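Student: The structure that follows is given in the form of structure tokens.
The values are calculated or read from the model by the stated rules, or taken from the named source; none is laboratory data. As the structure is a computational prediction, the values presented were derived from the model and not from experiment. Cβ atoms come from the backbone with ideal geometry, glycine included; neighbour counts cover every protein chain shown. Surface areas here come from the heavy atoms of the whole protein model, side chains and all, with no ligands, DNA or RNA. Shrake-Rupley method; radii C 1.70, N 1.55, O 1.52, S 1.80 Å.
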Amino acid sequence: MNGNEILQSISASRTENSRFIRWWRKENDFVDYELLTDFLHRLQAGEEFAGFELLDTEQMWELLQKIAGDRVRRELRTKGDYLVWTGGKGTERETLELVFSDESIMHVFNEETRDMTLH
């Protein structure tokens, strides 16, 4: 499907809770994840896709937990939910505390999956 077709398909299947997109190309050599708003903003009419799946915040959070394991956790605090991530390479680990949001999930997900092909 091309960019126009995927846009039509997203419009038909999108719900209020659709926040992320998992998409793949015909080569099927990788799967990518993005915030749905970012994907739609950069979508080109001539791009070719093999398929996609829309995800809500909880589904993306569960995926991040699978990938990051004990390096990531969600904490309920008096000011709301926070995403706590211990990241970095080797011995240079640092803890990042972010307000739990779609953007913070995507930020940590991108850091966790850098240079990694997802299937």
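Student: Looking only at the range 10-30, count how many residues are outside any helix (DSSP H, G or I) and within 21 Å of residue 57 (Cα to Cα).
Tutor: So the count comes out to 11.
Student: Based on what the data block shows, is residue 33 part of a strand (DSSP E or B), in contact with a strand residue (DSSP E or B) (Cβ under 9 Å, 6 or more places away or on another chain), in the same structural domain as residue 110 (by the TED database) and among the hydroxyl-bearing types (Ser, Thr, Tyr)?
Tutor: So residue 33 does not fit the description; no.
Student: Looking at the range 7-20, I want the residues that are under 15 Å from residue 34 (Cα atoms) and not assigned by the TED database to the domain that holds residue 34 and have a partner that is of a type outside the set (Ser, Thr, Tyr) and part of a loop (DSSP other than H, G, I, E, B) with Cβ atoms under 7 Å, at least 6 apart or on another chain. Which pairs are those?
Tutor: Here the result reads none, with nothing in the range 7-20 linked to a residue that is of a type outside the set (Ser, Thr, Tyr) and part of a loop (DSSP other than H, G, I, E, B).
Student: For the range 23-57, how many residues are under 11 Å from the mean Cα position of the chain (by Cα) and of a type in the set (Asp, Glu)?
Tutor: Result for the range 23-57: 4.
Student: While we're looking at this one, here's another question. How many residues are in contact with a Leu (Cβ under 8 Å, 6 or more places away or on another chain) and more than 20 Å from residue 100 (Cβ to Cβ) when one looks only at the range 23-53?
Tutor: Result for the range 23-53: 5.
Student: Are any residues in the range 54-85 over 19 Å from residue 34 (Cβ atoms) and open to solvent by 40 Å² or more (accessible area, probe 1.4 Å), and if so, which ones?
Tutor: Listed by number, the residues that qualify are 70, 71, 73, 74, 75, 76, 77, 78, 79, 81, 82.
Student: Please determine whether any residue of the range 76-87 is within 11 Å of the chain's Cα centre (by Cα), β-branched (Val, Ile, Thr) and farther than 30 Å from residue 5 by Cβ.
Tutor: No, the conditions are met nowhere in the range 76-87.
Student: Criterion first (polar (S, T, N, Q), at pLDDT 95 or above, surrounded by 14 or more Cβ atoms within 10 Å (Cβ to Cβ) and under 27 Å from residue 7 (Cβ atoms)) does residue 37 satisfy it?
Tutor: No; evaluated as a whole, the condition is false for this residue.
Student: May I pose another question? If you take the residues of the range 39-66 that are touching a residue at least 12 places away in the same chain (Cβ under 8 Å) and assigned to a helix (DSSP H, G or I), which of them is farthest from residue 107 (Cα to Cα)?
Tutor: Selected residue: 40.
Student: What do you reckon, is residue 68 assigned by the TED database to the domain that holds residue 16 and either touching a helix residue (DSSP H, G or I) at 6+ places or on another chain (Cβ under 9 Å) or under 30 Å from residue 5 (Cα atoms) (or both)?
Tutor: In short, no.
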